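Here's the structure we're looking at; comments come further down.
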Amino acid sequence: ASNVGRKGRCKSPNELNTLALPSMDQRKQKRQKQLRHLPQQPQQQSLPSPPPWPQPWQKQKQKQKKKQLHTRKCQPRRHWSQSPAVPRCRRLAIRLSEGWSLPCVVCSYGFCMLAPVVWEPPQVAGMTSRGSGGSSSTTVQQCGTLRRPLRLLGEQVVHAAVRQHGQRLIVEFSGRAAALRRANDCPEERAHMCRQLRRMLRLEHEDDMVVAKFHSMHRRAKREGFGRLFRNPSLWEDIVKTVLLCNCGWNRTLTMARKLCKLVGTEGDCPSAKELAAAPLAVLRKAGLGYRAARLQRLAACVVASGVQPRLLCDAKESLVALQAISASAEGASSAMKEASAHGLRGPPLFMYVAARVLPGFGEFAARNLLQLCGVYSMVAVDSETSRHLQARRGLPPSELVNPAAVRDAADRVYRRYGRHKQLAYWWELWRGYEAVHGSVVSMNSADYVKCCRTPMST
């Protein structure tokens, strides 16, 4: 049928081969005609093209990327075993009672000069202010800074910097990354650090009551803000430094404390009972301890054997419990009980004195000194300085101070009017006598600590 022509005549194969096909242009035209009859679709609105220059936020982002890349290139490569550095953990803030002063509390006892404590004196800066009458110069004094290590419950060490801002105590911590993370993440660790600070700086309510009672009897001490004697964060460190005070001059005490912290302690801190018990005796003698090396190891063994936790040693309210636990295995409690009863002690001070007296190597002075560090001031810690002080300041003749027992009786008689605060009154006189000769301890540099104590005092 396809070969049939218009008039019914069949087309030959040659005619079929020569049949003209539509060209490409004809097909395009036909397609355009078909598209004209189709419905028109709405054209999509094109978005405005961005400008050729970058936007401001793009510039800022590019600068940040360049800065990050530059700092990344400048930083030295850190080994895989090293944890990322953490500069400091968040601050701790402690509210202070009225009249509390950091320089007065820290620079009130000789322990502020012993390692690992570092006291940075206040800086006095001159400021110029302009008023209606012209310019005037005023002097602004900033509070000093107390620096020392503190122990976590897991025996890790963080370094604390304590400053006072008005009626608040601001504490900043630094140290190893793992210790700082634990201090940040664990509420028990933060509470333990606050416990150590409150004990060291006497911030408990009981301390406020003692100071208020003492100030009612001593007006000059009230004007000067004296009454809170500086001590260590833990009872164990008080025991160690009390041993370092006995039978030597102040220069040797400073040297022994510095070498002990450097050779035995972790990161320059005072060694714990476990560290001191495990330390070789040769290392302790290298620190210049002499016969005190064996005595300190016996004390450390008593603490380890008692199982007293660090939380109890740093709690100012549980000093009696901790002392009794440490001295539970010691002998000589009956004779110490008779001695304390003869001095008129009753109640908790009696049991605290007995527990301190039976510690290995603790004599009369060491026990009384440990009592005043625990907050009991009814007994004067008598030593050779007391005899010299009573002669120079109180005018007692040497015939009344022939032996330690006579010196103790004379001190109790002189400071009897202060009742349970005899040690505070005695120490105020002795400390002010040192400062009258050598200057204020608050503004003293560490190089001047050697001459501060154990030297003749003017009358």
Which residues, taken from segment 322-363, are of a type in the set (S, T, N, Q) and farther than 22 Å from Val308 by Cβ? Ser334, Ser335, Ser341
Among Pro122, Pro103, Pro116, the single one that is assigned to a helix (DSSP H, G or I), open to solvent by 10 Å² or more (accessible area, probe 1.4 Å) and at pLDDT 50 or above is Pro103
Scan segment 207-215 and give yes if some residue there is modelled with pLDDT of 95 or more, surrounded by fewer than 21 Cβ atoms within 10 Å (Cβ to Cβ) and touching a helix residue (DSSP H, G or I) at 6+ places or on another chain (Cβ under 7 Å), otherwise no. yes
So the helices (runs of 4 or more DSSP H) completely within segment 176-293 holding 2 or more residues that are touching a His at 6+ places or on another chain (Cβ under 9 Å) and in contact (Cβ under 8 Å) with a residue 24 or more places away in the chain are 205-217
Conditions: (1) touching a Ser or Thr at 6+ places or on another chain (Cβ under 8 Å); (2) farther than 17 Å from Gly265 by Cα. Gly288 meets all but one. Number of the miss? (2)
Please tell me if Leu203 is surrounded by 19 or more Cβ atoms within 10 Å (Cβ to Cβ) and touching a strand residue (DSSP E or B) at 6+ places or on another chain (Cβ under 7 Å). yes
Checked against (1) modelled with pLDDT under 65; (2) of a type in the set (A, V, I, L, M, F, W, C); (3) in a helix (DSSP H, G or I); (4) open to solvent by less than 90 Å² (accessible area, probe 1.4 Å), Trp57 satisfies every condition except (4)
Does at least one position in segment 348-362 carry a residue that is open to solvent by 60 Å² or more (accessible area, probe 1.4 Å) and of a type in the set (Phe, Trp, Tyr)? yes
Condition first: touching a helix residue (DSSP H, G or I) at 6+ places or on another chain (Cβ under 8 Å), open to solvent by 30 Å² or more (accessible area, probe 1.4 Å) and under 30 Å from His205 (Cβ atoms). Can you find one or more residues in segment 292-299 that meet it? no
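The values are calculated or read from the model by the stated rules, or taken from the named source; none is laboratory data. Predicted model only: the values in this text are computed from it and were never measured. Please note: Cβ atoms are built from the backbone with ideal geometry, for glycine as well, and neighbour counts cover all protein chains shown. Ligands, DNA and RNA are stripped out before the accessible areas are found, and what is left, the full protein with its side chains, is counted by its heavy atoms. Shrake-Rupley method; radii C 1.70, N 1.55, O 1.52, S 1.80 Å.
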